[in-house]
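Below is one structure, written out as structure tokens, with a few remarks after it.
The values are calculated or read from the model by the stated rules, or taken from the named source; none is laboratory data. Keep in mind that what you see is a predicted model, and the values were worked out from it rather than measured. Don't worry about glycine lacking a Cβ; one is built from the backbone with ideal geometry, like all the others, and counts go over all protein chains shown.
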Amino acid sequence: MTTLNVNGQGVVLFKPLNPSVTLIQIALSDPSGKHLLGVEIGDRVTLYRIHHHTREIYQDPDNKSGLVSLKGAYYWVSVHARTQDIYVGVGEPRLETAIFHYRMTGEKLFLEKLSKVLINATNTRILKIIKDPVTRIIPLVIKDTHELTMTDIASSKYLPKANLPPVSQRLYDCISGSRFVLDDDDFPEFSQAIEHSIATPGLWCHTTLQNKSREFDPNKPNLLETYLRITLGENNGESPGIPYVMEIWPPGHYSPVHRHASAEAIIRVLYGSIHVRLYPFLCHEKDGVSPFGKMDFHQDDITWINPTLNQTHQLKNKGETSCVTIQCYMYDEANHKHYDFFDYLDGEGQKQQYEPDSDMDYIQFRELMKKEWNWMRRT
């Protein structure tokens with residue numbers, strides 16, 4: 001039997017076992033099974049309550065959609081007894097992906113009794129139970145305690161670092177310091193040297209990017225769908241690939257739409273800016289699915305990924321200069337089945353696996369950039 005972590009509160013993630021399913025049914029009930037809150041997802045969403053052999057239906061007049069016939073789609077239901085809000089959505093569990101909302105009145109005691117999760121096991125599989133209900137749009141930019149004002153907290157403008165899970169806090173602390181910069185006293189021209197290496201035929205960055213043009217689609221070379229991965233340290237088995245990776249994005253270059261391996265991650269922009277599109281799920285079809293959110297991150301902005309949010313995205317450098325980011329990954333303590341790949345969509349919209357690799361170690365790369373830069377200055 002599957003239960004909520006807290007009675008009357010939480011999110012249930014689930015997906016159909018077959019894309020051709022035309023109706024999904026999921027319900028929350030009290031321990032006796034006599035009082036039930038049910039959700040049916042077909043062409044649209046139906047919310048109903050069974051109480052003393054009566055069936056009362058609650059409607060959301062803005063609900064115009066239900067099941068989607070797209071590979072990779074999954075669904076969620078959020079219940080919050082204190083506010084009496086019920087949400088239903090497609091993909092990542094967040095307000096931006098909700099397709100149904102109903103606020104009940106006078107039913108708090110009823111909702112607080114709900115604990116059991118019931119599904120039609122012949123056509124539906126529960127993916128995960130999350131303790132916290134969907135309540136608000138979660139900020140994408142993280143700020144540390146000393147940077148936050150009372151207005152920031154009240155307006156949910158930033159995500160406090162203290163609200164991150166312990167694993168993400170560890171990653172944040174490793175890369176958020178004032179001395180964790182690209183251009184330092186020892187090599188103040190580091191960013192310029194990278195730009196020069198990218199722009200100059202025969203130098204390492206330019207050559208490596210050319211050689212990577214088939215990395216994501218061997219049959220269709222695409223220079224713009226390339227970026228450089230400079231790794232810091234070794235793979236210690238706690239992340240998909242080496243946990244700390246400096247990524248270099250020349251102007252106009254982008255990643256394929258991809259999904260991370262249910263890992264936690266912290267990303268900081270060290271130089272330039274990067275444009276990010278967020279997707280509800282990784283759709284395994286050519287036309288794909290539209291992004292639900294877009295945002296530009298600039299130098300020193302820090303953002304995040306957790307196992308259920310911000311996992312599926314695409315990065316693109318829309319600026320006139322290159323962008324350099326530091327990406328930090330780690331599995332949380334509850335992840336006992338490590339998936340050491342990133343899933344991505346190729347040019348035909350088909351899901352493929354990418355095993356995180358390294359183009360060069362950071363120390364070697366830095367010395368090489370110094371060598372190329374000094375050679376340029378002497379000529």
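List of remarks:
- Residue in the stretch 130-141 that is surrounded by 14 or more Cβ atoms within 10 Å (Cβ to Cβ), without any contact (Cβ under 8 Å) to a residue 24 or more places away in the chain and either not in a loop (DSSP other than H, G, I, E, B) or not β-branched (Val, Ile, Thr) (or both) present: yes
- Test: residue in the stretch 114-123 that is within 22 Å of Leu13 (Cβ to Cβ), part of a loop (DSSP other than H, G, I, E, B) and hydrophobic (A, V, I, L, M, F, W, C): yes
- Of the strands (runs of 3 or more DSSP E) lying entirely inside the stretch 239-278, the ones with 3 or more residues being in contact (Cβ under 8 Å) with a residue 60 or more places away in the chain are found at 244-249, 264-271.
- Among the residues of the stretch 1-11, the one identified as among the aliphatic types (A, V, I, L, M), more than 18 Å from Thr97 (Cα to Cα) and crowded, with 19+ Cβ neighbours inside 10 Å is Leu4.
- Residue in the stretch 51-63 that is in contact (Cβ under 8 Å) with a residue 12 or more places away in the chain, closer than 17 Å to Met104 by Cα and of a type in the set (Phe, Trp, Tyr) present: yes
- Among all positions in the stretch 197-208, there is no residue which is more than 20 Å from Gly349 (Cα to Cα) and modelled with pLDDT under 95.
- When Ser168 is tested against the conditions (1) in a helix (DSSP H, G or I); (2) touching a residue at least 40 places away in the same chain (Cβ under 8 Å); (3) under 30 Å from Asp62 (Cα atoms), the lone failure is (3).
- Conditions (1) modelled with pLDDT of 95 or more; (2) of a type in the set (A, V, I, L, M); (3) surrounded by fewer than 17 Cβ atoms within 10 Å (Cβ to Cβ); number of the one not met by Ala334: (1)
- For the stretch 110-130, the set of residues classified as in contact with a Leu (Cβ under 8 Å, 6 or more places away or on another chain) and among the basic types (Lys, Arg) consists of Lys116, Arg125, Lys128, listed by residue number.
- Test result for Ala193, crowded, with 20+ Cβ neighbours inside 10 Å, of a type in the set (Gly, Ala, Ser) and within 27 Å of Phe341 (Cα to Cα): no
- Residue match in the stretch 198-214 (condition: touching a strand residue (DSSP E or B) at 6+ places or on another chain (Cβ under 7 Å) and over 19 Å from Asp361 (Cβ atoms)): no
- Test: residue in the stretch 168-186 that is touching a Ser or Thr at 6+ places or on another chain (Cβ under 8 Å) and at negative phi: yes
- When the stretch 353-379 is filtered for residues that are modelled with pLDDT under 85, of a type in the set (S, T, N, Q) and closer than 23 Å to Arg259 by Cα, only Gln353 remains.
- Picking from residues in the stretch 87-113 that are of a type in the set (Gly, Ala, Ser) and assigned to a loop (DSSP other than H, G, I, E, B), the one that is surrounded by the fewest Cβ atoms within 10 Å (Cβ to Cβ) is Gly106.
- All strands (runs of 3 or more DSSP E) inside the stretch 16-86 with 2 or more residues being closer than 25 Å to Gly288 by Cβ and of a type in the set (Phe, Trp, Tyr): 75-80
- Scanning the stretch 12-42 for residues that are over 23 Å from His101 (Cα atoms) and of a type in the set (S, T, N, Q) yields Asn18, Ser20, Ser32.
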